[in-house]
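Sending over a structure as structure tokens; questions will come in a sec.
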Amino acid sequence: MTHMHRGILAGSLAVSATLCLAASPTREPRAVSAAFGECALRLAQVSNYAAGFAVTFDSIKGSVAMTGTIVQQPPFTFRRELCLEELNSSTVKRECSVCNGATGWQIEYAPNGRAVNVSRWGAASMGELFAVFMRNAQLVLLTPDRTSTYAALRQDITFDAVSARDGGYEFHGRDRSDTPAHQELRRVAGAYGPQGISNYISRSVRLVVDRHGLPRELSRENLLGRVIERAQLVNVVVNQSWPPALFEYQPPTNVLVFDLERAMEVEPIHVAHPLRDKPGPAFSVSYLNGKALEVKPGGDVIVLTFFTSWSDNCRSYLPLIEQAYRTYANRGVKFVTVTDEKKQTTLKQLISNARLTMPVYLDHDGVVAKTYKINIVPKTLIINRQGIVCDVLEGNARGVARELDAAITAALAEPAADSR
């Protein structure tokens, strides 16, 4: 699945991106960095916009087309209508996402237009949803407090040329081959032989930004020169006055509503996991200075925590791990707190802001997370002195601090393997 495929389809709730005010990648030519800086300044003048959008892409799993409209008032107020169609099949999905900045709704419609699935989210989960589900989106929503459209693209694409176009810019570049997503795509495409590589691996990327700094088009060509992905905004209008009712929604009385906020409140603390009651695999992580640390379960109790730098839940959870570290680090407990964050400046700032004294380790390309089958973070695994994963805790759950303390205490009470 391609970068665009993941980013746009993550918008089953919405598709989001934000302004890029951070320093540009050092690999970019100076003219490219300057142009992106100008785009950021122009985007800062956009208080809202409306547009139609069209997205088409060819993946190994088939061709998909999405069309619809979007009205966006940053940071979290928007309305998006979408129709997704898998080409050469009968699959058609129509949905609407509506959010007034405090309460959001996701509505999926049957072919006859009747709402069949409705989900609700509220202010408590707003930031987390935008950060988790929509951080990789390319074109549609702009939220000034989340990962930028261009910051996200520039992590995965090397833009090496820019030219002026209709008051805006046209950027050209290529997908970076060293990203985990690209390497996974190449692995899957390679299974189809030379035809898979030539059809589904891109050779060039083109980004068109208009005079407002809005991304009007993003497209990729494959090795044969055929466009395999294209996302476009059309009929764009900016800084209009929209009636509040446009961003409101009242679900039908006969439709069951899934309340995401309530579901988060009842999140279980101790969760099922494939490695529960099984030996924890040995693994390797790195200190921030690059030195490797080999971890082999068995002996000390290990508190293995996974987190990301951009998750609000993770940032709230890390102080709880820090508190446990200060309590148990000198009592035969080894704390291994890992992240796949690639920017050391971001990670160092997080450590400073949270006043962490515990060591934080790098999980390059998410290898350890894959080994320990981690799909959602924050997550903590307790590995006892025998090297067995004896507990797994959900960091998002309420009351997790008390249960974490109890789990560590219980693991310390168990004898080591050679003392049985």
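Among residues belonging to the stretch 157-190 that are part of a helix (DSSP H, G or I) and surrounded by 17 or more Cβ atoms within 10 Å (Cβ to Cβ), point out the one that is modelled with the highest pLDDT.
Filtering the stretch 157-190 for residues that are part of a helix (DSSP H, G or I) and surrounded by 17 or more Cβ atoms within 10 Å (Cβ to Cβ), the one modelled with the highest pLDDT comes out as 189.
With respect to residue 187, is the statement that it is in contact (Cβ under 8 Å) with a residue 12 or more places away in the chain and basic (Lys, Arg) true?
no
Let me ask something else. From 288, 304, 318, grab the single residue that is hydrophobic (A, V, I, L, M, F, W, C) and closer than 19 Å to residue 385 by Cα.
Answer to the selection: 304.
Could you say whether any residue in the stretch 325-334 is over 20 Å from residue 382 (Cα atoms) and modelled with pLDDT under 95?
There is no residue in the stretch 325-334 that is over 20 Å from residue 382 (Cα atoms) and modelled with pLDDT under 95.
If you don't mind, there's one more thing I want to ask. Taking the criterion of being in contact (Cβ under 8 Å) with a residue 12 or more places away in the chain, part of a helix (DSSP H, G or I) and under 20 Å from residue 394 (Cα atoms), would at least one residue in the stretch 333-341 satisfy it? Spell out the reasoning first.
At the first step, the residues of the stretch 333-341 found to be in contact (Cβ under 8 Å) with a residue 12 or more places away in the chain are 333-341.
Still in the running and part of a helix (DSSP H, G or I): none.
Scanning the stretch 333-341, I find no residue that is in contact (Cβ under 8 Å) with a residue 12 or more places away in the chain, part of a helix (DSSP H, G or I) and under 20 Å from residue 394 (Cα atoms), so the answer is no.
Specify which of the listed residues (166, 175) is closer than 25 Å to residue 29 by Cα, in contact (Cβ under 8 Å) with a residue 40 or more places away in the chain and touching a Ser or Thr at 6+ places or on another chain (Cβ under 7 Å).
Answer to the check: 175.
Condition first: among the acidic types (Asp, Glu), surrounded by fewer than 14 Cβ atoms within 10 Å (Cβ to Cβ) and either in contact with a Pro (Cβ under 7 Å, 6 or more places away or on another chain) or part of a helix (DSSP H, G or I) (or both). Now tell me which residues in the stretch 227-270 satisfy that.
265 - this is the single residue of the stretch 227-270 that is among the acidic types (Asp, Glu), surrounded by fewer than 14 Cβ atoms within 10 Å (Cβ to Cβ) and either in contact with a Pro (Cβ under 7 Å, 6 or more places away or on another chain) or part of a helix (DSSP H, G or I) (or both).
Working carefully through the options 347, 404, 356, find the one that is crowded, with 21+ Cβ neighbours inside 10 Å and either more than 17 Å from residue 294 (Cα to Cα) or in contact with a His (Cβ under 9 Å, 6 or more places away or on another chain) (or both).
404
Turning to a different aspect of this structure: It is to be established whether one or more residues within the stretch 362-379 are in a strand (DSSP E or B) and in contact (Cβ under 8 Å) with a residue 12 or more places away in the chain.
Yes, the stretch 362-379 contains a residue that is in a strand (DSSP E or B) and in contact (Cβ under 8 Å) with a residue 12 or more places away in the chain.
Given 132, 140, 118, which one is modelled with pLDDT of 90 or more and assigned by TED's automatic domain parsing to the domain that holds residue 53?
118
Out of all the residues in the stretch 74-88, which are of a type outside the set (D, E, K, R) and surrounded by 22 or more Cβ atoms within 10 Å (Cβ to Cβ)?
Result: 76, 78, 82.
Quick grid of which residues meet (1) surrounded by fewer than 21 Cβ atoms within 10 Å (Cβ to Cβ); (2) modelled with pLDDT under 90; (3) in contact with a helix residue (DSSP H, G or I) (Cβ under 8 Å, 6 or more places away or on another chain):
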site: 275; (1), (2), (3): yes, no, no
site: 290; (1), (2), (3): yes, yes, no
site: 294; (1), (2), (3): yes, no, no
site: 310; (1), (2), (3): yes, yes, yes
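So, residue 162, is that one under 28 Å from residue 364 (Cβ atoms) and either touching a helix residue (DSSP H, G or I) at 6+ places or on another chain (Cβ under 9 Å) or outside the structural domain of residue 27 (by TED's automatic domain parsing) (or both) or not?
no
So which residues in the stretch 66-107 are part of a loop (DSSP other than H, G, I, E, B), of a type in the set (A, V, I, L, M) and at pLDDT below 85?
87
Residue 382: under 24 Å from the mean Cα position of the chain (by Cα), of a type outside the set (D, E, K, R) and assigned by TED's automatic domain parsing to the domain that holds residue 414, yes or no?
Values: under 24 Å from the mean Cα position of the chain (by Cα): no; of a type outside the set (D, E, K, R): yes; assigned by TED's automatic domain parsing to the domain that holds residue 414: yes.
Answer is no for this residue.
The values are calculated or read from the model by the stated rules, or taken from the named source; none is laboratory data. Computed from a prediction, not measured in an experiment: that's the story for all the values here. Neighbour counts run over all protein chains shown; Cβ positions are idealised from the backbone, glycine included.
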